[in-house]
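Chemist: Before I ask anything, let me first share the structure, which is written out below as C-alpha cells.
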Amino acid sequence: MITTKKGDSVKRVAILLLLPCAAAFAEAQLYFGADCAGASEYFTVTNPGTDPEEEKALFNSAQIKAGYGDIKGYALELDFGYGRYDKNIFSPKDTDYYYFDLSLIKAFDFHIGVFPFFKVGFGTGELEVDRTLVNSISSGSFYGGIGTYIPIAFGFDFEASVIYRDKSWEDLQMVGAQVESGSYIVEPYLGIDYRF
Amino acid sequence: MRYDLPILLLPLLLWTGCGENAGNRPIAGDIDSIKVEANATAMAATASVQVSARAYYTLDIPDRNVTEDVEWLSSNTTIATVDGLGVVRGGSAGGNVTVSGTYESFGGSVRITVYALKSLEAVSPEINVTQEQTLRLHALGTFEDGSKRDVSDAVVWRLGKSQENNASLEQNGTLYTGDANGTLDINISRYDVNASLRLYVTP
C-alpha cells in the first residue's frame, strides 16, 4: 500500500509552482544599469471648495537599477531614482524627488538582434516640499510600458522604453480640509545595462 | 569596469539638473492663518462662552470653521476651562483668562473676563408646602459685577439627610415633598459659595 505524507504533497505543490519561475529565469543574470527620462507630468489638484486645477510640469529624472533576469525572458528589476520638476505644484519650493520602482519585465527574442519587452510595476516616491505643515509628501504609482534592449558588446546593452505612469499623491492636510492630487506621465527612458 | 558606473551616472545627474524650477506659485493651496473669536468677551462664572476657530487658506480657498480641529487651552483653569468643542465654562475664581486655539504653529487667542459668583440664594415660591407636592425651587446668584441671575442649573442641590426618605430633590431644583410632615432643609452650593433654605411640610 502506498501512502502519501502531507509534507510530500506540499513539496510537490511547491515544486509545481516554482517550475514556471525556474523556467522563466533559466538563463537569468544579474544586471545593473542606469537610465534617464524627461517628460511632462500632468497634475490635477483639487483644493477644498474649488474646482480641480490642472498643471503640467517637466519632470527630469535619472535612476540606477539592479535586476535579475534574462534579456530574452523574464526579469525583476529594482530602480532607485532622483528627479526634479521644473514647476512648483505643492508648495512655493518643490525640490528633490526620490523614488523606488519595482518592475516585472518580459522580453522576447524574435531573432532580429534586439529584444523587445514590456514591463509593469509599481513604485513609491517622496517629494521634498516647503509647506506649512509638512516638508515632504509621498506618492505611489503604477505603471506599464514597452521598450527594447539593444545589445552592444562586452555585456552592455542599450535600453529604450516608454512607460505610462499613474501617480497618486498623499493628501495634503490643511487643518479641517485637505488637498487631493494625482498625476500621470508618459516617460521615455534611455539607459544602459551591464549584465554579468 | 571600476569607473564605468560613475561615468554613466555623471551625465544622468547633469540631466536631472536641467529642469530648473520656475519659481511659480503652486496650484495646491495651503493654510494661511487661523483666527480665534468668542461670542462674548465677558461672562458670569456659571455661564459659558463659545469660542471658535476659523482657518484661512491661500489661493482663494473658502475659509472654514476648524473649532473642533484645534487644541484649546485656558491660561488659568481656576478662572475658566475650555473643552474640545470650544465651550468656555467659568471656574471658582473671577478674573481675566486667555483662551487659545492652536494647530501646530497656527492659532489665535481671545481674552475673556469671568465674573466670579459672590453669593447664592435659594428661593422657593412658598415656604409652607403640603405633602406630595412638587414645586420648582430656584437658585439666584450674585456676581462680581453686581449682576444677579438664575443659576439653578449651575449649582449642586442637596436635601438634608433626615428628609431623604420622604422627599426628593432633582439637580434642576425640582422638589417632591414626600408623604411626611416636618421640615425640609435644602442646601445649594457652587465651589465654596453656599446657601440654604428650610421648608415646612404640612398635611
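The values are calculated or read from the model by the stated rules, or taken from the named source; none is laboratory data. Owing to the predicted nature of the structure, the values given are computational and were not obtained by experimental measurement. No Cβ is skipped: glycine too gets one built from the backbone with ideal geometry, and neighbour counts run over all protein chains shown.
Chemist: Name every residue in region B:165-194 that is in contact with a Gly (Cβ under 9 Å, 6 or more places away or on another chain) and either outside any strand (DSSP E or B) or of a type in the set (Gly, Ala, Ser) (or both), in order of residue number.
Modeler: Within region B:165-194, B:165, B:166, B:167, B:168, B:191 qualify.
Chemist: Of all residues in region A:61-71, which are of a type in the set (Val, Ile, Thr) and assigned to a strand (DSSP E or B)? Can you show your working first?
Modeler: Applying the first criterion (of a type in the set (Val, Ile, Thr)) to region A:61-71 yields A:64, A:71.
Correct list: A:64 only.
Chemist: May I pose another question? Has region B:121-137 got at least one residue that is acidic (Asp, Glu), at pLDDT 95 or above and not in a loop (DSSP other than H, G, I, E, B)? First the steps, then the outcome.
Modeler: Residues of region B:121-137 acidic (Asp, Glu): B:121, B:126, B:132.
So of that shortlist, the ones also at pLDDT 95 or above come out as B:121.
When the remaining residues are screened for being not in a loop (DSSP other than H, G, I, E, B), the result is B:121.
Yes.
Chemist: Report, by residue number, each residue of region A:27-60 that is facing chain B (nearest Cβ under 9 Å) and not in a strand (DSSP E or B).
Modeler: A:47, A:48, A:49, A:50, listed by residue number.
Chemist: While we're looking at this one, here's another question. Kindly provide the set of residues from region B:163-198 that are surrounded by 14 or more Cβ atoms within 10 Å (Cβ to Cβ), closer than 16 Å to residue B:150 by Cα and touching a helix residue (DSSP H, G or I) at 6+ places or on another chain (Cβ under 9 Å), ordered by number.
Modeler: Answer for region B:163-198, where residues must be surrounded by 14 or more Cβ atoms within 10 Å (Cβ to Cβ), closer than 16 Å to residue B:150 by Cα and touching a helix residue (DSSP H, G or I) at 6+ places or on another chain (Cβ under 9 Å): B:173, B:188, B:190.
Chemist: Across region A:147-175, which residue is nearest to the chain's Cα centre (by Cα) among those that are surrounded by fewer than 14 Cβ atoms within 10 Å (Cβ to Cβ) and within 12 Å of chain B (Cβ to nearest Cβ)?
Modeler: Checking each candidate, the answer is A:171.
Chemist: Here's a follow-up. The conditions are (1) surrounded by fewer than 17 Cβ atoms within 10 Å (Cβ to Cβ); (2) outside the structural domain of residue B:153 (by TED's automatic domain parsing), and residue B:88 fails exactly one of them. Which is it?
Modeler: Unmet for residue B:88, out of (1) surrounded by fewer than 17 Cβ atoms within 10 Å (Cβ to Cβ); (2) outside the structural domain of residue B:153 (by TED's automatic domain parsing): (1).
Chemist: For region B:130-138, check the following and say yes or no: at least one residue is exposed (fewer than 15 other Cβ atoms within 10 Å of the Cβ), without any contact (Cβ under 8 Å) to a residue 12 or more places away in the chain and either among the acidic types (Asp, Glu) or closer than 14 Å to residue B:45 by Cβ (or both).
Modeler: no
Chemist: How many residues, within region A:115-133, are at pLDDT below 95 and of a type in the set (A, V, I, L, M)?
Modeler: Adding up the residues that qualify gives 1.
Residue by residue, here is whether (1) among the hydrophobic types (A, V, I, L, M, F, W, C); (2) in contact with an Asp or Glu (Cβ under 6 Å, 6 or more places away or on another chain); (3) at pLDDT below 95 holds:
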site	(1), (2), (3)
B:2	no, no, yes
B:7	yes, no, yes
B:15	yes, no, yes
B:73	yes, no, no
B:86	no, no, no
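Chemist: Can I ask one more? Take the conditions more than 9 Å from chain B (Cβ to nearest Cβ) and under 30 Å from residue B:67 (Cα atoms) and apply them to residue A:178. Does it pass? Reasoning before the result, please.
Modeler: Numbers: more than 9 Å from chain B (Cβ to nearest Cβ): yes; under 30 Å from residue B:67 (Cα atoms): yes.
When the stated conditions are applied, residue A:178 passes them.
Chemist: OK, next. Filter region A:77-116 for residues that are acidic (Asp, Glu), over 14 Å from residue A:137 (Cα atoms) and within 18 Å of the chain's Cα centre (by Cα) and give the result. Break it down into steps so the answer makes sense when it comes.
Modeler: Our first condition is that a residue be acidic (Asp, Glu); within region A:77-116, this holds for A:77, A:79, A:86, A:94, A:96, A:101, A:109.
Those still in the list that are over 14 Å from residue A:137 (Cα atoms) too: A:77, A:79, A:86, A:101, A:109.
Hits for region A:77-116 are A:77, A:79, A:101.
Chemist: Give the residues of region B:28-53 that are of a type outside the set (Gly, Ala, Ser), more than 9 Å from chain A (Cβ to nearest Cβ) and part of a strand (DSSP E or B), sorted by residue number. I'd like the intermediate steps shown before the answer.
Modeler: To start, the set of residues in region B:28-53 that are of a type outside the set (Gly, Ala, Ser) comprises B:30-32, B:34-37, B:39, B:41, B:43, B:46, B:49-51.
Remaining after also requiring more than 9 Å from chain A (Cβ to nearest Cβ): B:35-37, B:39, B:41, B:43, B:46, B:49-51.
Once the filter is applied, which keeps residues that are of a type outside the set (Gly, Ala, Ser), more than 9 Å from chain A (Cβ to nearest Cβ) and part of a strand (DSSP E or B), region B:28-53 yields B:35, B:36, B:37, B:43, B:49, B:50, B:51.
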